[in-house]
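The block underneath contains the structure these notes are about, expressed in structure tokens.
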Amino acid sequence: MNKVPDLHTHSSASDGTLAPAAVVHRAAAAGVPLLALTDHDTIDGLAQAAEAARTLDLGFVPGVEISVTWSGRTIHIVGLGVDPAHPALTLGLAGLQTFRAWRAEEMGRRLAKEGIAGAYEGARALSGGQLIGRTHFARFLVERRVAATERDVFKHFLVARKPGHVAGEWASLEQAVGWIRASGGQAVIAHPARYKLTRTKLLILIGTFRELGGVGIEVVCGSHARDEALNFARLAREQRLLASAGSDFHGPQLVLTSQPWIDLGRLPALPDGCVPIWHDWPAAAGLNRAPAPDPTPTAAVA
Ligand code: AMP
Ligand code: MN
Ligand code: MN
Ligand code: MN
């Protein structure tokens, strides 16, 4: 089968469980032809991943997944092909990292009031001293047997109106797209089906996103069922957005536990008629054409 680029993955620099180099090695072993590392609100894993990709001769795209507050909800914007040294990006992400550090302490305080002691320290230890996300709290609470699965922890503790939830402002859509573009990247709306937006609201999001210079939307992703991929393929065509593909891989341990992401190397192809976001990338040369027909003996000789 012709494998698809995977342009949305996480490492231990954010809430993935594999080190950046290990993500790259697993992707190469799974036959992924082109990989982007897109950790939440940080570019800290990119140097290590790029180095590993160089040694394996795997095409690598430096990326990031930025947390955004838009119209009162959290959405995620992926940046592809960003320059990790660009100050607009690094300064913007630094603000989000400061918020995350405070939010983690506040989550710990709120969970302590619920009788769950040590959650901040536990989550921080699981983060390995890197960026802390709700996922680290979820893992810690599963270890402590407060809930059976991470999904249950989210449902009962970490989402709106639950005891460990801390509301707050992430980046604006304008900031996120602006930082990505300033650093030379392309902005992509991540896992659009996850937001459960009405059609009207979705079109408003896409309209604003395009006015700001956003260019892509994830059509094939770990959390999209086939019919969702087909719907978003049609929407991408109608709205003249480039189509992206990404597993949202967070680690091999999680693959079996009904998480909204899938393993590396298992993405289906983009539906027909989409323009892949990688269509004009030098690193993707050779991936863009439809697979060649089986060679006939004469063609093979020629
Ligand atoms: P944060 O950015 O720290 O608020 O955490 C968001 C992350 O939590 C997502 O990127 C997922 O990795 C994870 N997540 C969100 N919802 C769930 C869920 N229902 N079950 C498991 N993990 C989730
Ligand atoms: Mn995550
Ligand atoms: Mn996301
Ligand atoms: Mn993600």
message: Please determine whether any residue of the stretch 56-63 is farther than 24 Å from P282 by Cβ and either part of a helix (DSSP H, G or I) or within 13 Å of ligand 1 (Cβ to nearest atom) (or both).
response: no
- prompt: Within the set of pairs 6+ apart or on separate chains, which have a first residue in the stretch 65-92 that is over 21 Å from L35 (Cβ atoms), a second that is among the acidic types (D, E) and away from ligand 4 (no atom under 16 Å from the Cβ), and C-beta atoms under 9 Å apart?
  reply: T69/E169
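Please count how many residues of the stretch 111-126 are surrounded by fewer than 23 Cβ atoms within 10 Å (Cβ to Cβ), of a type outside the set (G, A, S) and in a helix (DSSP H, G or I). Before the answer, list the steps.
Taking the stretch 111-126 and keeping what is surrounded by fewer than 23 Cβ atoms within 10 Å (Cβ to Cβ), we get 112-118, 120-122, 124-126.
Applying the additional criterion that residues be of a type outside the set (G, A, S) yields 113-114, 116, 120-121, 124, 126.
Now narrow it down to the ones that are in a helix (DSSP H, G or I): 113, 120-121, 124, 126.
Number of matching residues: 5.
Do you know which of the residues in the stretch 212-252 that are among the polar types (S, T, N, Q) and outside any helix (DSSP H, G or I) is surrounded by the fewest Cβ atoms within 10 Å (Cβ to Cβ)? Lay out the reasoning, then the answer.
At the first step, the residues of the stretch 212-252 found to be among the polar types (S, T, N, Q) are 223, 231, 239, 244, 247.
Add one more test, that the residue is outside any helix (DSSP H, G or I), and what stays is 223, 239, 244, 247.
Numbers: S223: 18, Q239: 15, S244: 28, S247: 27.
Only one residue tops the list, namely Q239.
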field: Counted residues, the stretch 24-52 - those being more than 16 Å from ligand 3 (Cβ to nearest atom) and under 17 Å from K3 (Cα atoms)
entry: 12
query: Taking V24 and the conditions (1) β-branched (V, I, T); (2) in contact (Cβ under 8 Å) with a residue 40 or more places away in the chain; (3) more than 15 Å from ligand 4 (Cβ to nearest atom), which numbered condition does it fall short on, given that it satisfies the others?
result: (2)
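So that you can scan it fast, the table gives a plain yes or no per residue for (1) among the hydrophobic types (A, V, I, L, M, F, W, C); (2) crowded, with 23+ Cβ neighbours inside 10 Å; (3) assigned to a helix (DSSP H, G or I):
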| residue | (1), (2), (3) |
| --- | --- |
| T74 | no, no, no |
| R109 | no, no, yes |
| G128 | no, no, no |
| I132 | yes, yes, no |
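Considering only residues of the stretch 1-16 that are buried (at least 19 other Cβ atoms within 10 Å of the Cβ) and more than 15 Å from ligand 3 (Cβ to nearest atom), which is farthest from L264 (Cα to Cα)? Spell out how you get there, then give the answer.
First, the residues of the stretch 1-16 that are buried (at least 19 other Cβ atoms within 10 Å of the Cβ): 4-16.
Checking which are more than 15 Å from ligand 3 (Cβ to nearest atom) leaves us with 4-5, 12.
Working: V4: 10, P5: 10, S12: 16 Å.
Here the answer is S12.
Would the stretch 29-43 turn up any residue that is within 13 Å of ligand 4 (Cβ to nearest atom), without any contact (Cβ under 8 Å) to a residue 40 or more places away in the chain and surrounded by 23 or more Cβ atoms within 10 Å (Cβ to Cβ)? Don't jump to the end; show me each part of the working.
Taking the stretch 29-43 first, the residues within 13 Å of ligand 4 (Cβ to nearest atom) are 36-42.
Subset that is without any contact (Cβ under 8 Å) to a residue 40 or more places away in the chain: 37.
In the following step, the residues that additionally are surrounded by 23 or more Cβ atoms within 10 Å (Cβ to Cβ) were identified as 37.
Yes.
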query: Do you know which residues across the stretch 140-178 are over 23 Å from I75 (Cβ atoms), aliphatic (A, V, I, L, M) and part of a loop (DSSP other than H, G, I, E, B)?
result: V146, A147, A148
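Hey, among A229, A245, A190, A236, which residue is at pLDDT 95 or above, within 14 Å of ligand 3 (Cβ to nearest atom) and among the aliphatic types (A, V, I, L, M)?
Numbers: A229 fails: within 14 Å of ligand 3 (Cβ to nearest atom); A245 fails: within 14 Å of ligand 3 (Cβ to nearest atom); A236 fails: within 14 Å of ligand 3 (Cβ to nearest atom).
That would be A190, the only listed residue that is at pLDDT 95 or above, within 14 Å of ligand 3 (Cβ to nearest atom) and among the aliphatic types (A, V, I, L, M).
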- request: Looking at (1) part of a loop (DSSP other than H, G, I, E, B); (2) farther than 18 Å from A36 by Cβ, find the lone condition where D263 falls short.
  value: (2)
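With I206, I262 as the choices, which residue is surrounded by 15 or more Cβ atoms within 10 Å (Cβ to Cβ), out of contact with any helix residue (DSSP H, G or I) (no Cβ under 8 Å at 6 or more places or on another chain) and not charged (D, E, K, R)? Let's see the steps before the verdict.
Values: I206 fails: out of contact with any helix residue (DSSP H, G or I) (no Cβ under 8 Å at 6 or more places or on another chain).
Residue meeting the stated conditions: I262.
So is G164 away from ligand 1 (no atom under 15 Å from the Cβ) and closer than 22 Å to D41 by Cβ or not?
On the way: away from ligand 1 (no atom under 15 Å from the Cβ): no; closer than 22 Å to D41 by Cβ: yes.
Criteria not met by G164.
Can you go through R139, R124, R151, R110 and tell me which one is over 24 Å from A171 (Cβ atoms) and either more than 16 Å from ligand 3 (Cβ to nearest atom) or not basic (K, R) (or both)? Please lay out each step first, then the result.
Numbers: R124 fails: over 24 Å from A171 (Cβ atoms); R151 fails: either more than 16 Å from ligand 3 (Cβ to nearest atom) or not basic (K, R) (or both); R110 fails: over 24 Å from A171 (Cβ atoms).
None of the others qualify; the one that does is R139.
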Only listed residue being part of a loop (DSSP other than H, G, I, E, B) and touching a strand residue (DSSP E or B) at 6+ places or on another chain (Cβ under 9 Å), chosen from V82, V68: V82
task: Among the numbered conditions (1) out of contact with any Leu (no Cβ under 7 Å at 6 or more places or on another chain); (2) at pLDDT 95 or above; (3) over 21 Å from T98 (Cβ atoms); (4) within 16 Å of ligand 2 (Cβ to nearest atom), tell me where G184 comes up short.
output: (4)
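The values are calculated or read from the model by the stated rules, or taken from the named source; none is laboratory data. None of these values were measured; they are calculated from a predicted model. Note: ideal-geometry Cβ built from the backbone for every residue, glycine included; neighbour counts use all protein chains shown.
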